[in-house]
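Right, one structure below, let's go through it.
The values are calculated or read from the model by the stated rules, or taken from the named source; none is laboratory data. It should be emphasised that the depicted structure is a prediction, and the values quoted were computed from it without experimental measurement. With ideal geometry, Cβ positions are generated from the backbone for all residues, glycine too; neighbour counts draw on all protein chains shown. Areas reflect the complete protein model, heavy atoms only, side chains present, ligands, DNA and RNA absent. Shrake-Rupley method; radii C 1.70, N 1.55, O 1.52, S 1.80 Å.
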Amino acid sequence: MAANAPALRVENLETHFFTKAGVVKAVDGVSFSVERAQILGLVGESGSGKSVTGFSILGLVDPPGRVVGGRILFDGQDIANAGEAQMQSLRGNRIATIFQDPMMTLNPVLRIETQMVETVLAHQEVNRETARKRARDALGQVGISSPDERLAAYPHQFSGGMRQRVAIAIALLNDPDLIIADEPTTALDVTIQAQILYEAQKLCRERGTAMIWITHDLAVVAGLADKVSVMYAGRIVEAGAIDQVLDHPVHPYTKGLIGSVPSRNKRGSPLYQIPGTTPALLNLAPGCAFRERCPRADPACLEEPGLSEPVPERAVRCFHPYAEAEA
Amino acid sequence: MSGPALVELQGLSKRFVKSLDLAGKLASKLGSSIREETVYALDGVDMTVAKGEVVGLVGESGCGKSTLGRIVAGILKPSDGRILYDGRDVSSLTPAEAKAVALKVQMIFQDPFASLNPRMRVRDIVGEAPLVHGLVSRGEFESYLDDVLARCGLDASYKRRFPHQFSGGQRQRIGIARALAVKPDFIVCDEAVAALDVSIQAQILNLFIKLREDLGLTYLFISHDLGVVEHISDRVYIMYLGRIVETASTEDMFAAPNHPYTRALLREVPRLETRHSDFLPIEGEIPSPLDPPRGCHFHPRCPHAMQRCREEAPRLREVAAGRLSACHLNDGI
């Protein structure tokens with residue numbers, strides 16, 4: 001892989017679900033890119049389409065869902081419509097995933113060793129002994145003590161944090177170029193979350209792995225990510241370098257979201273409240289999806305705003321963005 | 001702390017014992033190593049909550065914070081220790097008085113999907129208790145119900161609907177309305193905003209703050225989310241494996257934590273203001289309450305652990321005005 005080319009570039013990705021009640025545009029024209037050794041935070045609330053974006057990249061969207069448009073360029077090659085065989089050779093190999101609930105991703109009736117060795121053997125032409133050694137090393141790397149004994153254990157013998165480490169170790173096995181992490185620390189305690197974030201950061205820095213960190217938690221992204229894309233109702237509404245977006249949000253939704261996070265200087269005072277709730281994506285009316293909840297909405301917002309780039313590397317989808325000085 | 005204590009806990013302990021079944025008893029008679037298992041969920045907890053105060057209780061999963069909340073709300077009985085409500089021991093009350101106290105203490109739960117009966121309409125979920133307990137007459141019932149719903153930001157037209165017709169945030173409002181309907185003084189919020197999206201969480205937190213101002217409520221706010229607790233609480237208790245390790249006013253606690261566990265916890269809270277951080281986590285995980293470590297429960301993970309910490313459990317004692325901490329490091333260093 002070339003040094004400076006993005007590890008992954010997603011262009012105008014559209015993933016729609018064709019349900020009996022109508023079309024749900026879960027992902028509707030999403031674009032972003034992530035480079036080697038870079039962590040992209042993909043932030044949004046439930047139903048914003050952030051997880052479906054991840055699934056689309058992995059080719060894991062099940063019917064009635066389908067990727068209907070756009071390109072997913074991984075290492076320069078479009079995998080948006082790649083066949084199952086090609087995706088299988090990529091998944092778990094060059095593109096790895098960490099999901100939210102490690103109890104769901106690990107097979108409860110197989111030893112950790114079986115699951116890890118299988119992952120190696122599926123993609124590499126090595127013998128069982130080498131595969132086992134690699135599994136043991138991976139466990140050691142994510143801070144699991146006495147990896148030899150742990151290999152023989154079953155998932156239920158691990159705590160939640162340990163299971164998530166095992167999941168990360170499995171993701172590491174084939175030295176992937178890209179890791180997609182979907183809410184990997186949401187179910188974990190603060191101290192365990194910090195341990196997982198530490199491992200992720202180490203991985204990214206030492207191995208140059210590109211990472212997409214999907215989460216609803218702005219505070220986690222603030223400490224971890226290099227850049228961030230904020231999603232709302234299937235679209236990216238604001239994107240840019242992490243400091244830029246968090247310190248000077250220009251989209252009313254981003255600004256509202258940041259305002260509603262409790263933080264040190266807002267103690268005791270009422271939090272900013274985004275009125276209403278996220279819209280249902282089924283048969284979403286055209287125009288800006290946020291206009292019902294937006295303090296700046298006017299008749300212009302009945303049209304769909306395009307993604308503009310006020311400064312390079314900074315994108316916003318709004319007719320009435322805040323000026324950076326205001327924010 | 002301000003004003004008289006509304007709720008006071010003295011030496012509260014809770015043990016859950018998994019007793020042996022017949023086969024287990026036989027096996028144990030025959031010399032097997034099977035024994036009764038005891039979980040020490042709470043171990044001598046003292047706590048006071050003054051009238052009108054919001055007290056935050058923070059800890060990681062399995063530390064016993066929910067058990068404590070359930071005992072305070074009267075759902076569980078303590079194994080040892082006393083609960084004083086308005087200065088009177090709850091266990092010494094007459095049945096009628098105990099019922100009155102039970103009504104004054106209400107609880108709001110974490111999961112707004114699991115804590116509402118899916119087959120009941122909102123009017124019954126919220127209205128059943130005040131009607132049964134005679135807090136409102138049938139004639140005034142409808143207008144009373146409308147008031148309670150309106151206070152929680154719910155439209156009166158929602159009364160005939162079922163829980164599945166609402167979003168998560170609205171369901172949590174229904175849960176709050178149910179608690180408020182019996183005119184409580186004291187509310188135990190057990191992870192009441194943990195399951196909500198950020199923008200909805202802000203709405204519910206604002207509602208809690210407003211209800212406190214309007215009705216003079218007292219809260220015990222249980223959460224693992226330090227940001228939320230810092231926002232809403234006047235005073236904070238930090239819990240680790242069934243024991244309180246530190247308590248102080250919110251400002252003091254967050255400005256200068258004393259206990260090594262609190263320090264680690266506060267350092268690791270992700271914040272909007274911290275960017276590109278270098279994560280330096282504390283090692284290890286919270287030990288099993290089935291077999292808690294001897295001495296100070298935190299010593300296997302503590303960077304400052306010394307011999308004494310392995311043998312002797314530190315007492316919670318005052319280290320500065322209004323601040324209690326349970327750590328041997330505070331002795332003569």
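In whole Hz and in residue order, list the ³J(HN,Hα) couplings for region B:158-166 that follow from phi through the Karplus curve 6.51 cos²θ - 1.76 cosθ + 1.60, θ = phi - 60°; x for Gly and Pro.
7, 4, 8, 8, 9, x, 5, 8, 10
Once phi is turned into ³J(HN,Hα) by the Karplus curve 6.51 cos²θ - 1.76 cosθ + 1.60 with θ = phi - 60°, what whole-Hz value does each residue of region B:289-300 show in order, with x for glycine and proline?
Karplus values, whole Hz, x for Gly and Pro: x, 5, 9, x, x, 5, x, 6, 4, 8, 4, x.
Calculate the FRET efficiency for A:Gln77 and B:Asp111 from the Cβ-Cβ distance with a Förster distance of 41 Å, rounded to the nearest 0.05.
0.40
Given H placed 1.01 Å from N in the peptide plane, which residues other than close sequence neighbours of A:Val237 have an amide H under 5 Å from its amide H?
Under 5 Å from the amide H of A:Val237: A:Val230, A:Met231, A:Tyr232.
Top to bottom by accessible area (1.4 Å), largest first, where do B:His304, B:His224 land?
Correct descending sequence by accessible area is B:His304, B:His224.
Between chains B and A, what is the buried accessible area in Å², counting both sides, with a 1.4 Å probe and ligands, DNA and RNA left out, to the nearest 100?
Roughly 3900 Å².
Enumerate the lysines that B:Lys183 could reach by cross-link, defined here as Cα to Cα under 27 Å, with residues fewer than 8 away along the same chain left out.
List returned: B:Lys51, B:Lys65, B:Lys77, B:Lys99, B:Lys104, B:Lys159, B:Lys210.
For B:Tyr240, list long-range residues whose amide hydrogen, built 1.01 Å from N in the peptide plane, is under 5 Å from its own amide hydrogen.
B:Val245
If r is the Cβ-Cβ distance from A:His123 to B:Ala150 and R0 is 56 Å, what FRET efficiency results, to the nearest 0.05?
It comes out at approximately 0.40.
Given the -39500 (n - 2.57) contribution per DSSP H run of 4+ residues, what per-residue ellipticity at 222 nm results for the protein assembly as shown, rounded to the nearest 500 deg cm²/dmol?
Rounded to the nearest 500, it is -9000 deg cm²/dmol.
Take the solvent-accessible surface of the protein heavy atoms, probe 1.4 Å, and return the percent of it on region B:1-51 that carbon and sulfur atoms account for.
54 percent
Within 10 Å of each Cβ in peptide B:154-164, how many partner chain Cβ atoms are there on average? Round it to a whole number, please.
Partner Cβ neighbours, averaged per residue: 0.
In peptide A:215-225, what is the residue-averaged number of other protein chain Cβ atoms found within 10 Å of each Cβ?
Partner-chain Cβ atoms within 10 Å, mean over residues of A:215-225: 5.
Put a dot 7 Å past each Cα toward the Cβ at B:Lys51 and B:Thr38; how far apart are the dots in nm?
With each label placed 7 Å out from Cα toward Cβ, I get 3.9 nm.
Roughly to the nearest percent, how much of the accessible area of chain A is carbon and sulfur, given a 1.4 Å probe?
50 percent
In chain B, which Cys residues have no partner Cys with a Cβ closer than 4.7 Å?
B:Cys63, B:Cys152, B:Cys189, B:Cys302, B:Cys327
With every protein chain present, what accessible area does B:Phe16 have (1.4 Å probe, heavy atoms only), rounded to the nearest 10 Å²?
Roughly 80 Å² of B:Phe16 is accessible to a 1.4 Å probe.
Rounded to the nearest 20 debye, what is the charge dipole size of chain B about its Cα centre when +1 sits on each Lys and Arg Cβ and -1 on each Asp and Glu Cβ?
I would put it at about 860 debye.
Would you work out which of A:Val250, B:Ser91, B:Val319 lies farthest towards the positive end of the dipole of the protein assembly as shown, given +1 charges on the beta-carbon of Lys and Arg and -1 on that of Asp and Glu, about the Cα centre?
B:Ser91
Quote the charge dipole size of chain A about the Cα centre in Debye, to the nearest 20; the model charges only the Cβ of Lys and Arg (+1) and of Asp and Glu (-1).
Dipole of chain A, to the nearest 20 debye: 460 debye.
Mind ranking A:190-200, A:114-124 by how tightly packed they are, going by the mean number of other C-beta atoms within 10 angstrom, highest first?
By packing density, highest mean first, the sequence is A:190-200, A:114-124.
With every protein chain present, what accessible area does B:His328 have (1.4 Å probe, heavy atoms only), rounded to the nearest 10 Å²?
Surface open to solvent at B:His328 totals about 10 Å².
Would you list which aspartates and glutamates come within 18 Å of B:Lys25, measuring only between C-alpha atoms, while excluding same-chain residues fewer than 8 positions from it?
Within the straight-line cut-off, B:Lys25 pairs with B:Glu36, B:Glu37.
³J(HN,Hα) across region A:168-173 via Karplus (A = 6.51, B = -1.76, C = 1.60, θ = phi - 60°), whole Hz, x for Gly/Pro?
Ordered by residue, 3J(HN,Hα) equals 5, 4, 5, 4, 6, 3 Hz.
Express the accessible area of chain A per residue in Å², computed with a 1.4 Å probe while the remaining protein chains stay in the model.
42 Å²
Ignore the peptide's own chain and count Cβ atoms of other chains within 10 Å of each Cβ in A:270-276; give me the average, rounded.
For peptide A:270-276, the averaged partner shielding equals 6.
Can you grab the distance from the C-alpha centre of region A:126-177 to the C-alpha centre of region B:141-184, Å, no decimals?
Taking the Cα centre of each part, region A:126-177 and region B:141-184 sit 49 Å apart.
If amide H atoms are built 1.01 Å from N in the plane of the peptide, which residues on other chains or at least 5 residues away come under 5 Å of the amide H of B:Phe279?
Those qualifying (amide H under 5 Å, at least 5 residues apart or on another chain) number zero.
Can you pull the accessible area of B:Val101 for me, 1.4 Å probe, Å² to the nearest 10?
30 Å²
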